[in-house]
Amino acid sequence: MKPPLFILNSNIKLVGLGLYLEDIETLVVADLHLGYEQALSERGIHLPPIQLRQIRKILNTMINEVKPSNLIIAGDVKHEFGSALRQEWSEVIDLFEWLKALGIRSHVVRGNHDNFLIPILKKLEVPLHDPYYKVGKYLFIHGHKPLSPEAYAQDVELIIMGHEHPAVLISDELGIRLKFKCFLRGQIDDKELIVLPAISPLMPGTEVNIIDGRRILSPILLQVNLDYFRVYVVDMTAGIFDFGTVNLLKSMLFS
């Protein structure tokens, strides 16, 4: 099955739950949260270990579509804060060995959940970048910390982040409400900013059209007016659609 595709411009494509940069042959995704099932199990909530299989399936369709040379994960490869769970170790190794077998060079930008990830990635020879990874005019961050001075460099044109797990709540004429993961695209000062949805199937996301600033996770998004960000809603079977601005979706939901 082909992933949904939305062309922002001649160089930037939204593909599935990721973003593809044509000029550097790089696919960017965020927020895998591998090992979440074991973390839930230790809290008494039992789910089958389904995430890795589904993430690999989604990634495979995206990779087949755009054929990247590089993959950047913009934070939160794993889930548990305080340790590296057994499931996290095995699934992280499985994922990056699979990517390496496909001939893809992987990079990880450290997220707030990525404690104890260094020895795993070192073993796999996967670079870990903290707090950002800069490639030409692109700056890749997770989004849980304020922007570093490097983000304001003159040559940075586009900042790409995860962390927020953006989603929107949409209501139909019968009052039925559905939640969709989404991309957010806007400006921070003179830079373009794109927020990626979580690729984890167990992270449905935070509805940006019904929250106020106090519930926003990222200190970066507290610096901007999200009402003016454009929303690109993702349905993995139907497509990716431009739904206008956050402010427009707020008015439609509550009208």
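The values are calculated or read from the model by the stated rules, or taken from the named source; none is laboratory data. Just so it is clear, the model here is predicted, and its values are computed rather than measured. Cβ placement follows ideal geometry from the backbone for every residue including glycine, while neighbour counts extend to all protein chains displayed.
Among what's in the range 129-147 and is basic (Lys, Arg) and part of a loop (DSSP other than H, G, I, E, B), pick the residue that is nearest to Ala30 (Cα to Cα).
Restricting to residues being basic (Lys, Arg) and part of a loop (DSSP other than H, G, I, E, B), the top hit is Lys145.
Condition check: buried (at least 19 other Cβ atoms within 10 Å of the Cβ), outside any strand (DSSP E or B) and of a type in the set (Val, Ile, Thr). Does Ile211 satisfy that?
It is false that Ile211 is buried (at least 19 other Cβ atoms within 10 Å of the Cβ), outside any strand (DSSP E or B) and of a type in the set (Val, Ile, Thr).
Among the residues of the range 17-24, is any crowded, with 23+ Cβ neighbours inside 10 Å, of a type in the set (Asp, Glu), at pLDDT 95 or above and within 20 Å of the chain's Cα centre (by Cα)?
The answer is no, given that none of the residues of the range 17-24 is crowded, with 23+ Cβ neighbours inside 10 Å, of a type in the set (Asp, Glu), at pLDDT 95 or above and within 20 Å of the chain's Cα centre (by Cα).
Taking Gly103 and the conditions (1) surrounded by 13 or more Cβ atoms within 10 Å (Cβ to Cβ); (2) modelled with pLDDT of 95 or more; (3) not in a helix (DSSP H, G or I); (4) not hydroxyl-bearing (Ser, Thr, Tyr), which numbered condition does it fall short on, given that it satisfies the others?
All conditions pass for Gly103, except number (1).
Please state which one of Ile188, Ile210 is within 18 Å of Ala30 (Cβ to Cβ) and of a type in the set (Val, Ile, Thr). Before the answer, list the steps.
Numbers: Ile210 fails: within 18 Å of Ala30 (Cβ to Cβ).
Of Ile188, Ile210, the one residue that is within 18 Å of Ala30 (Cβ to Cβ) and of a type in the set (Val, Ile, Thr) is Ile188.
So which residues in the range 157-177 are within 20 Å of the chain's Cα centre (by Cα) and among the hydrophobic types (A, V, I, L, M, F, W, C)? Break it down into steps so the answer makes sense when it comes.
Initially, the range 157-177 is screened for residues within 20 Å of the chain's Cα centre (by Cα), giving 157-169.
Those that are within 20 Å of the chain's Cα centre (by Cα) and among the hydrophobic types (A, V, I, L, M, F, W, C): Leu158, Ile159, Ile160, Met161, Ala167, Val168, Leu169.
Matching residues to (1) touching a strand residue (DSSP E or B) at 6+ places or on another chain (Cβ under 6 Å); (2) among the aliphatic types (A, V, I, L, M):
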{"site": "Leu174", "(1), (2)": "no, yes"}
{"site": "Phe183", "(1), (2)": "yes, no"}
{"site": "Lys191", "(1), (2)": "yes, no"}
{"site": "Val195", "(1), (2)": "yes, yes"}
{"site": "Leu202", "(1), (2)": "no, yes"}
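Can you name the residue in the range 214-246 that is assigned to a helix (DSSP H, G or I) and exposed (fewer than 14 other Cβ atoms within 10 Å of the Cβ) and, of all such residues, is modelled with the lowest pLDDT? Even if it seems obvious, please write down each step before you answer.
To start, the set of residues in the range 214-246 that are assigned to a helix (DSSP H, G or I) comprises 214-215, 221-223, 226-228, 246.
After this cut, where a residue has to be exposed (fewer than 14 other Cβ atoms within 10 Å of the Cβ) as well, the list is 214-215, 222-223, 228.
Values: Arg214: 62, Arg215: 82, Leu222: 93, Gln223: 93, Tyr228: 96.
Among residues in the range 214-246 that are assigned to a helix (DSSP H, G or I) and exposed (fewer than 14 other Cβ atoms within 10 Å of the Cβ), the one modelled with the lowest pLDDT is Arg214.
Test each condition in (1) surrounded by fewer than 18 Cβ atoms within 10 Å (Cβ to Cβ); (2) not in a strand (DSSP E or B); (3) not hydrophobic (A, V, I, L, M, F, W, C) for Glu192 and report the one that comes out false.
(2)
For the range 148-170, what are the residues that are assigned to a loop (DSSP other than H, G, I, E, B), at pLDDT below 95 and in contact with a Lys or Arg (Cβ under 9 Å, 6 or more places away or on another chain)?
Result: Ala153, single match.
Working only within the range 106-128, note down all residues that are part of a strand (DSSP E or B), touching a Pro at 6+ places or on another chain (Cβ under 9 Å) and of a type in the set (A, V, I, L, M, F, W, C).
Selection gives Val108, Val109.
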